[in-house]
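Heads up: the structure comes next, in structure tokens.
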Amino acid sequence: MTTKVNYSNQLLNIETGQQIEKSQLTIFDRQGKINKRVINIVNTSIDELLKNIEQGGESYHIYFPQEIEKELPEPLMKQISKEITANEVRVLTAIVILAQFAKSKGELYYWDKINRAYFEVDLPSVYKVMGIGETRGKQRELVKKAFFSLNDKKFLIVEDDNLTISKLVEIHKIDKKNPNLFKITVEGLFFNFDKSKNYQNRYFHIPSDINKQIRKVTIGRPNAGVELFIKCLYQAKHCSKDGKVEYSYSKVYKLMKLENLVKNRNTGRIKDTIQKAFDIAKKLDLISNVEMGETNLREKKYILTFTP
DNA sequence: GTGGAACTAATATTCTCCCC
DNA sequence: GGGGAGAATATTAGTTCCAC
């Protein structure tokens, strides 16, 4: 029996780097340049980080959406930014699930003023929701590493008309008696506490053992893009009225971050990667069929039929 | 420069062996 | 016998390098 967990649309948009295009914010002005407000916050955050690095202060990475990444020089990107790894994607999912468990037990505390929620996680429960409860040391080390690297990442958050750059998950304290127990806070958007907004359209459902299921049907080193795409499919299923979803090739390309394959001279793997994502979705019993088609603009598209 | 092969790194799973 | 640590192996992701 798998329970269902609410997953915030906004969070998934940040993970896939779509937070800007999915917001009301116009990022480009009439000349096609990035708008000043966005530039300002990006530059300020970069300056702050560079200053930190120079002075040996807190070091972290900033994960920018693709539109902004493209505008920044590559050497700078290498210094300040880092791609999200598959294990980080999995740990983030695990934290969403654990946060909701904590919330239902009344062990989660929300602070309105900073729009963050506090709760405690212990690593064994992280392992459990990641489906590695029975396995040994090495994988646990990787999970721990991914957990700490999430704590080292800042994300661009667009909330209505507000832009901030902050940590989605922040570790504040490690329990003195139990080194596996962490006191953490997460961004309010994990839950969208603001009830005044359109509440219904802010979530989709994922199974609480999603990581375990994905592990069961995949082999080899995990691929972050593919796993993000699987979450997108759960979201699309939730929104779909006719039991289908259509993705243009460029949409799939973006969601799976296939740009990285091109950058790394692995263009030949694009087809296999897309196929892999569809295969996993089929094995998860999420979709039952994939058809090819053409968009109005004569672009290749995929028509996916969800399993009822 | 670009395409692609070949190499290296990361991750997962299976095997082996030792200790209780 | 079995449980677990760690080695060996399989698979895939990411990097480098070379020919054109």
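The values are calculated or read from the model by the stated rules, or taken from the named source; none is laboratory data. Since we're looking at a predicted model, the values are computed, not measured. With ideal geometry, Cβ positions are generated from the backbone for all residues, glycine too; neighbour counts draw on all protein chains shown. All accessible areas refer to the heavy atoms of the entire protein, side chains included, with ligands and DNA or RNA removed. Shrake-Rupley method; radii C 1.70, N 1.55, O 1.52, S 1.80 Å.
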For region A:4-217, what % of the accessible area comes from carbon and sulfur atoms, probe 1.4 Å? 49 percent
For region A:96-249, what is the Kirkwood estimate of the hydrodynamic radius, computed as the reciprocal of the mean inverse distance between distinct Cα atoms, to one decimal in Å? 17.6 Å
Ignoring everything but the protein chains, give the 1.4 Å probe accessible area of A:Leu163 in square angstrom, nearest 10. 20 Å²
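Please state the shape class of region A:220-308: rounded when a/c is under 1.5, otherwise prolate if a/b exceeds b/c and oblate if not, all from the C-alpha gyration tensor.
oblate
Counting only trypsin sites (Lys or Arg not before Pro) that are in a DSSP loop and have at most 12 other C-beta atoms within 10 Å, tell me the longest site-free stretch of chain A.
A:34-104
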Evaluate the distance, in nm, between pseudo-label points positioned 7 Å from the Cα of A:Gln139 and of A:Thr44 along their respective Cα→Cβ axes. 4.4 nm
What spacing in nm lies between the two simple spin-label points modelled at A:Glu74 and A:Asn178, each 7 Å away from Cα in the Cβ direction? 4.8 nm
Using a Gaussian network model of chain A with C-alpha springs under 10 Å, which one of A:Thr295, A:Thr273, A:Thr16 is most mobile by mean-square fluctuation? A:Thr295
Per its Cα gyration tensor (rounded if a/c is under 1.5, else prolate when a/b beats b/c, else oblate), region A:78-172 is best filed as oblate
A:Leu297 to A:Lys212: extension gain in nm, 0.36 nm per residue of separation minus the Cα-Cα distance? 26.7 nm
Given the Cα atoms of region A:24-119, and with Rh set as the inverse mean 1/r over their pairs in the Kirkwood sense, what is Rg to Rh to two decimals? 1.06
A 25 angstrom limit on the alpha carbon distance is what I want to check against. Which of A:Lys113/A:Lys257; A:Lys4/A:Lys283; A:Lys113/A:Lys212; A:Lys145/A:Lys231 exceed it? A:Lys113/A:Lys257; A:Lys113/A:Lys212
Please build a GNM for chain A, connecting alpha carbons under 10 Å apart, and tell me which residue among A:Ala94, A:Ala224, A:Ala236 fluctuates the most. A:Ala236
What FRET efficiency comes out for A:Lys105 versus A:Gln31 if R0 is 35 angstrom and r is the Cβ-Cβ distance? Round to the nearest 0.05. 0.10
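What is the sum of charges around A:Thr44, taking Lys and Arg as +1, Asp and Glu as -1, for the other residues whose C-beta is under 15 Å from the C-beta of A:Thr44?
Overall, the nearby charge balance is +2.
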Note to self, chain A gives a 222 nm [θ] from helices alone (DSSP H runs n ≥ 4, -39500 (n - 2.57) apiece, / all residues, nearest 500) of -12500 deg cm²/dmol
In Å², what does the accessible area per residue of region A:46-176 work out to with a 1.4 Å probe? 54 Å²
Surface accessible to a 1.4 Å probe, per residue, for the residues of region A:220-308, Å²: 56 Å²
Give me the percent of accessible area attributable to carbon and sulfur for region A:220-308, probe 1.4 angstrom. 48 percent
Extension reserve of the A:Asp161-A:Thr307 stretch, reckoned as 0.36 nm per residue once the Cα distance is removed: 48.8 nm
What number, in percent, do you get for the relative contact order of region A:4-217 if the mean sequence gap of Cα pairs under 8 Å and at least 6 apart is divided by its residue count? 30 percent
Can you give me the C-alpha center-to-center distance between region A:69-91 and region A:214-283, rounded to a whole angstrom? 19 Å
Would you please classify the overall shape of region A:48-98 from the alpha carbon gyration tensor, given that a ≥ b ≥ c denote the square roots of the eigenvalues, rounded means a/c under 1.5, and beyond that prolate means a/b larger than b/c while oblate covers the rest? oblate
